[in-house]
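Written out below as structure tokens is the structure these notes cover.
The values are calculated or read from the model by the stated rules, or taken from the named source; none is laboratory data. Everything numeric here is computed off the predicted structure, so don't read it as measured data. All Cβ positions, glycine included, derive from the backbone under ideal geometry; neighbour counts span all protein chains shown. The area values use the complete protein model at the heavy-atom level, side chains included, leaving out ligands, DNA and RNA. Shrake-Rupley method; radii C 1.70, N 1.55, O 1.52, S 1.80 Å.
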Amino acid sequence: MSGSVGQPIDRVDGPAKVGGKARYAADFRPSGVVYGAIVTAAIAKGRIAALDTTAAEAIPGVISVIHHGNAPQLAYAPMDPRPIVDPKTGEALRVFQNDQVLFAGQPIALVVAEEPEQAIQAAALVRASYAVGNAASDFSHASLEARPPEESRHPGGKPGALRRGDADAAFAAATRRVDASYEQPAEFHCAIELHGTIARWDHDHLTLWDKTQWVDNDRTEMAHVFGIPDDNVRVISPFVGGAFGSALRSWPHVAAAALASLLVNRPVELVLTRRQQFSSVGYRPRTVQRVRLGADDNGRLTAVIHEAVAQTSAYEEYAEMVIEPPAMLYSTPTLRADYRLAPMNVNTPCPMRAPGIVTGTLALELAMDELAEACDLDPLRLRLLNYAERDENKNLPWSSKSLRQCYAIGAERFGWSRRPSAPASRRDGHWLVGYGMASAVYPAHRAPATAHAELRADGTASVTSAASDMGPGTYTSMTQVAADELGLPINAVQFELGDSLMPPAPVHGGSMTMASVGSAVQAACRALRAKALDLEHPNRLPQDRGAMQQAYARLLARHRLDCLTAETEAMPDDAAGRFSMYAFGAVFAEVRVDAELGEIRVPRLLGVYAAGRIVNPKTARSQCIGGMVGGLGMALTERGQWDDRFGKIMNASLADYLVPVNADVQSIEALFVPEEDPWVNPLGVKGVGEIALVGVAPAILNAIHNATGRRIRSLPATLEKVMGC
Amino acid sequence: MRSVLSLTVNGRAREDLVADNMLLLDYLREVAGLTGTKQGCDGGECGACTVLVDDQPRLACSTLAHQVAGKRIETIEGLATRGRLSALQQAFHEKLGTQCGFCTPGMIMAAEALLRRNPDPSRDEIKAALSGNLCRCTGYVKIVESVETAVRAREAAE
């Protein structure tokens, strides 16, 4: 029987999406729903001295204006242990519980009205006056007092320091050196779906239709906010319109919607405005990294020193794995990596596609390009010279690593041998042409997950798990796994997700959905098939997929069963303690820079990835292309800009925060290197969602150097930087 | 103030009592119950709410419902015929022009408007026609391919 896993199966949810029938959080319509609009703080620190809601309340249709002066005190019971998606220290923002303002854009009131326009109009009429405090609003000041993450002192917390040997002495003794600082600005997820929630109370039970990458955790967090049992909260989220990490944790506006519904005794829909997306949910934190690389005359690394400072909020501490790539991507006898955080009066950052890893890899891969120049080596040659045959950070062998193949296939396909050997040496009309490359890496995670599988009287199967699908194709890939295990055709299997009443699933993030939920789906379907075989002699079950459905139907009928079910939890084994598990990749970029105008074009981008088994090459390739275009935005256009004086984000719209548009994208290609990994998980998958963003920006910036001779060390690489203004 | 709004939505004549300040987007989603049309920004930044008004693409988030009184409105829900996807929808499905799917309705409606005025567009014309529609998942490559596939499918059907 040929399997559907590995085949380019069409998206099973495609027809619903192209037909406008896929229902996202704000598309549900509980009867009697009313609309909320948030009022946000105009200062970065201080307290609300007075709030005048008279004009807002006079707008026809306004039902209530909720704020700290009239909201009840909520339980906000602490969660122990804290969910993996929440910062480990500090306290999440509590809505309308006191008069304190901790950042500009903080929700300070919520208007509820019969129609959306009434709520929006009234929200604009709420007048706040403030006692203004002294805000930490300037990153360059705040970073002077940066400190290691508090969580680094606790087991399992992200490290603030990594050490191997005496890197400072080795750097001082190195004959080839690079010492440079790289700046990555804050970046925003900018999924096209706005964050939104519909909340409805039925007596003491709360139902939330929410944009979330983790219905189970959303349920538990809201149960703690309101001090009610988990079972009294249900979260429904069948479709997520992109998120990239912004919907991992539960944000304050979710509690605000639920609170409003409680107070007005109607279902309340609250959709953030695009502007509010920049302050009511998180973002990739601004991070400055100083990298020092030391090498011998042959280009062998002797020292890696990596110092990173990132912003966090004044009320929570959000830490990332920025210093992991420098510790494991290349072989080096000595390492000193330090990661520190600068608290500011901003909203708390959060994971954004390949959190931390993309940041650390950016600085490392830019520095490696500079080292190649210092050693007079081809950048790809330098990487091969320093290839890590094992994980020197964890001191473990790789479960599998095919980065060498990625380099080779990528170089061949891209035509790397035709790279201009000297910077600014190739010209095509008014265009300066350059090639650049970078490595990509992302850890392969896995978490416990449970799936329920059911054979129905007609011989079809239904499989459920409280997973999520923000776009990569969870519905499709899980259907493939289930169909293969049960021996059924794709169209005889229905996979459903996104409801906290379903068996528990881990967070839809960190590229681990396929590894975790896929393994559970496989195990549940395998158990279900075993149950069916217990009832029937294997010889009487057909090999043909079309016939299997009828065989299951006959089997259930003969045994007078309405259905046959199995529910299985799939747990990670101990292999993660014996092997280091990562997906690897290589990214190649061609850049053209207008010699007179500084305009930067990227005519070609190639990503080659070794990420274990690819369940669906069609959806995986599309996911990678999309991630690479995210990297293009990171390289050339994306930058969240605060006004350092007032701590306010200045470009909080899609007209001012520039995500890539159609015209920016030319030839983009993603390839997969076949890779078998027997250790990583039963399916042998490593995930591709995160790694697709990693390495793209440094490949492009390295190509800009090759084209122009100019090193750009702060993102994005805009025209004025290329022109040297 | 409220007044009666008469228009045609997906071939069906409607009359509703609608507030003067109600956006076409909210009229379609909240009054007509057609939630296929999406909101992705605060006004004219993303294109997710693109619908057709008398065959022309229009941003429903930046249009008052009463501005299109008497006109012919088409939304994503109106493209399929008797449950059968249109060539454009089918191409977006097969070529993976949709990923999370949220920009998809607006993207398809903008492409539909293009194909009505220009049945055989070049790649550059496709990109120009979709220039007001943002997508954060696909990287646009598959979207452009989808439209090109639909063009060929429509030609083959003629």
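Specify the residue that is surrounded by the fewest Cβ atoms within 10 Å (Cβ to Cβ); the eligible residues are those in region A:393-419 that are under 28 Å from residue A:446 (Cα atoms), of a type in the set (S, T, N, Q) and more than 25 Å from the chain's Cα centre (by Cα).
Only one residue fits best here, namely A:395.
Could you grab me the full set of residues in region A:331-342 that are more than 22 Å from the chain's Cα centre (by Cα) and open to solvent by 10 Å² or more (accessible area, probe 1.4 Å)?
Selection gives A:331, A:333, A:334, A:336, A:338.
Select, from A:707, A:610, A:697, the only residue that is hydrophobic (A, V, I, L, M, F, W, C), buried (at least 21 other Cβ atoms within 10 Å of the Cβ) and in contact with a Ser or Thr (Cβ under 8 Å, 6 or more places away or on another chain). Steps first, answer last, please.
On the way: A:707 fails: in contact with a Ser or Thr (Cβ under 8 Å, 6 or more places away or on another chain); A:697 fails: in contact with a Ser or Thr (Cβ under 8 Å, 6 or more places away or on another chain).
Only one candidate passes the filter, namely A:610.
Can you tell me which residue is farthest from residue A:152 (Cα to Cα) among those in region A:310-329 that are more than 17 Å from the chain's Cα centre (by Cα) and assigned to a loop (DSSP other than H, G, I, E, B)?
Here the residue is A:329.
Where in region A:191-303 are there strands (runs of 3 or more DSSP E), lying wholly inside it, with at least 1 residues that are open to solvent by 10 Å² or more (accessible area, probe 1.4 Å) and either aromatic (Phe, Trp, Tyr) or touching a Leu at 6+ places or on another chain (Cβ under 9 Å) (or both)?
Where strands (runs of 3 or more DSSP E) fall fully within region A:191-303 and carry at least 1 residues being open to solvent by 10 Å² or more (accessible area, probe 1.4 Å) and either aromatic (Phe, Trp, Tyr) or touching a Leu at 6+ places or on another chain (Cβ under 9 Å) (or both), they are A:196-202, A:205-210, A:233-236, A:268-271.
Can you pull out the residues in region A:162-220 that are on the phi > 0 side of the Ramachandran plot and either of a type in the set (Asp, Glu) or within 14 Å of chain B (Cβ to nearest Cβ) (or both)?
The one that is on the phi > 0 side of the Ramachandran plot and either of a type in the set (Asp, Glu) or within 14 Å of chain B (Cβ to nearest Cβ) (or both): A:190.
Go through region A:25-63 and report how many residues are within 17 Å of residue A:117 (Cα to Cα) and assigned to a strand (DSSP E or B).
Count: 8.
Which one of these is in contact (Cβ under 8 Å) with a residue 60 or more places away in the chain, under 22 Å from residue A:616 (Cα atoms) and either open to solvent by 20 Å² or more (accessible area, probe 1.4 Å) or not in a loop (DSSP other than H, G, I, E, B) (or both): A:515, A:557? Quick ask: steps written out before the conclusion?
Values: A:557 fails: under 22 Å from residue A:616 (Cα atoms).
Answer to the check: A:515.
Being farther than 30 Å from residue A:599 by Cβ, assigned to a loop (DSSP other than H, G, I, E, B), under 25 Å from the mean Cα position of the chain (by Cα) and not small (Gly, Ala, Ser) is true for just one of A:458, A:469. Which residue is that?
Every option except A:469 fails the conditions.
Working carefully through the options A:39, A:34, A:85, A:65, find the one that is more than 14 Å from chain B (Cβ to nearest Cβ), over 30 Å from residue A:506 (Cα atoms) and touching a Pro at 6+ places or on another chain (Cβ under 8 Å).
A:39
Cβ contacts < 7 Å: first residue closer than 20 Å to residue A:317 by Cα and open to solvent by 20 Å² or more (accessible area, probe 1.4 Å), restricted to region A:93-113; second residue of a type in the set (Gly, Ala, Ser) and at pLDDT 95 or above, any location; separation 6+ or different chain. Result?
Here the result reads A:102/A:314, each pair linking region A:93-113 to a residue that is of a type in the set (Gly, Ala, Ser) and at pLDDT 95 or above.
Residues of region A:114-157 being closer than 30 Å to residue A:39 by Cβ, touching a residue at least 60 places away in the same chain (Cβ under 8 Å), part of a helix (DSSP H, G or I) and open to solvent by 50 Å² or more (accessible area, probe 1.4 Å), which ones?
Within region A:114-157, A:120, A:121 qualify.
Looking at B:42, B:16, B:55, can you tell me which residue is more than 17 Å from the chain's Cα centre (by Cα), among the charged types (D, E, K, R), more than 26 Å from residue B:136 (Cα to Cα) and not assigned by TED's automatic domain parsing to the domain that holds residue B:115?
B:16
Test each condition in (1) open to solvent by less than 20 Å² (accessible area, probe 1.4 Å); (2) more than 15 Å from the chain's Cα centre (by Cα); (3) more than 12 Å from chain A (Cβ to nearest Cβ) for residue B:22 and report the one that comes out false.
Of the numbered conditions (1) open to solvent by less than 20 Å² (accessible area, probe 1.4 Å); (2) more than 15 Å from the chain's Cα centre (by Cα); (3) more than 12 Å from chain A (Cβ to nearest Cβ), the odd one out for residue B:22 is (3).
Being part of a loop (DSSP other than H, G, I, E, B) and more than 14 Å from chain B (Cβ to nearest Cβ) is the requirement here; does residue A:94 meet it?
yes
Quick check on my filter: what residues within region B:39-51 are buried (at least 24 other Cβ atoms within 10 Å of the Cβ) and more than 7 Å from every other protein chain (Cβ to nearest Cβ)?
The first filter runs over region B:39-51 and keeps only residues buried (at least 24 other Cβ atoms within 10 Å of the Cβ), leaving B:39-41, B:46-51.
Within region B:39-51, B:47, B:49, B:50, B:51 qualify.
For region A:648-676, which residues satisfy the criterion of being more than 30 Å from residue A:616 (Cβ to Cβ) and either modelled with pLDDT under 95 or open to solvent by 60 Å² or more (accessible area, probe 1.4 Å) (or both)?
Correct list: A:648, A:650, A:655, A:656, A:658.
Of the conditions (1) within 7 Å of another protein chain (Cβ to nearest Cβ); (2) within 18 Å of residue A:27 (Cβ to Cβ); (3) in a loop (DSSP other than H, G, I, E, B), residue B:34 fails just one. Which one is it?
Looking at each condition in turn, residue B:34 falls short on (1).
Only residues in region A:246-261 that are in contact (Cβ under 8 Å) with a residue 12 or more places away in the chain count as the first member; pair them with residues that are of a type in the set (Lys, Arg), Cβ under 7 angstrom, at least 6 apart or cross-chain, and list the lot.
Note: pairs meeting the criteria are A:247/A:211; A:261/A:200.
Could you list, in sequence order, the residues of region A:618-647 that are over 20 Å from the mean Cα position of the chain (by Cα) and open to solvent by less than 10 Å² (accessible area, probe 1.4 Å)?
Residue satisfying the conditions is A:647 alone.
Please go through (1) among the polar types (S, T, N, Q); (2) under 16 Å from residue A:566 (Cα atoms); (3) out of contact with any Asp or Glu (no Cβ under 9 Å at 6 or more places or on another chain) for residue A:522 and return the number of the only condition it doesn't satisfy.
(3)
May I ask you to say which residue of B:97, B:70, B:101, B:78 is touching a strand residue (DSSP E or B) at 6+ places or on another chain (Cβ under 9 Å) and either free of Cβ contacts under 8 Å to residues at least 24 places away in the same chain or buried (at least 24 other Cβ atoms within 10 Å of the Cβ) (or both)? Lay out the reasoning, then the answer.
Working: B:97 fails: touching a strand residue (DSSP E or B) at 6+ places or on another chain (Cβ under 9 Å); B:70 fails: either free of Cβ contacts under 8 Å to residues at least 24 places away in the same chain or buried (at least 24 other Cβ atoms within 10 Å of the Cβ) (or both); B:78 fails: either free of Cβ contacts under 8 Å to residues at least 24 places away in the same chain or buried (at least 24 other Cβ atoms within 10 Å of the Cβ) (or both).
Of the residues listed, the single one that is touching a strand residue (DSSP E or B) at 6+ places or on another chain (Cβ under 9 Å) and either free of Cβ contacts under 8 Å to residues at least 24 places away in the same chain or buried (at least 24 other Cβ atoms within 10 Å of the Cβ) (or both) is B:101.
Could you tell me which numbered condition residue A:457 fails, if it satisfies all but one of (1) more than 14 Å from chain B (Cβ to nearest Cβ); (2) crowded, with 24+ Cβ neighbours inside 10 Å?
Result: residue A:457 passes all but (2).
Looking only at region A:164-178, decide whether some residue is among the β-branched types (Val, Ile, Thr) and in contact with a Gly (Cβ under 9 Å, 6 or more places away or on another chain).
Residues of region A:164-178 that are among the β-branched types (Val, Ile, Thr), as a first pass: A:175, A:178.
So of that shortlist, the ones also in contact with a Gly (Cβ under 9 Å, 6 or more places away or on another chain) come out as A:175, A:178.
Yes, the conditions are met somewhere in region A:164-178.
Assess whether residue A:549 counts as being open to solvent by 40 Å² or more (accessible area, probe 1.4 Å), outside any helix (DSSP H, G or I) and out of contact with any strand residue (DSSP E or B) (no Cβ under 8 Å at 6 or more places or on another chain).
In short, no.
Report whether or not residue A:478 is part of a loop (DSSP other than H, G, I, E, B), at negative phi and under 29 Å from the mean Cα position of the chain (by Cα).
Judged against the criteria, residue A:478 is not a match.
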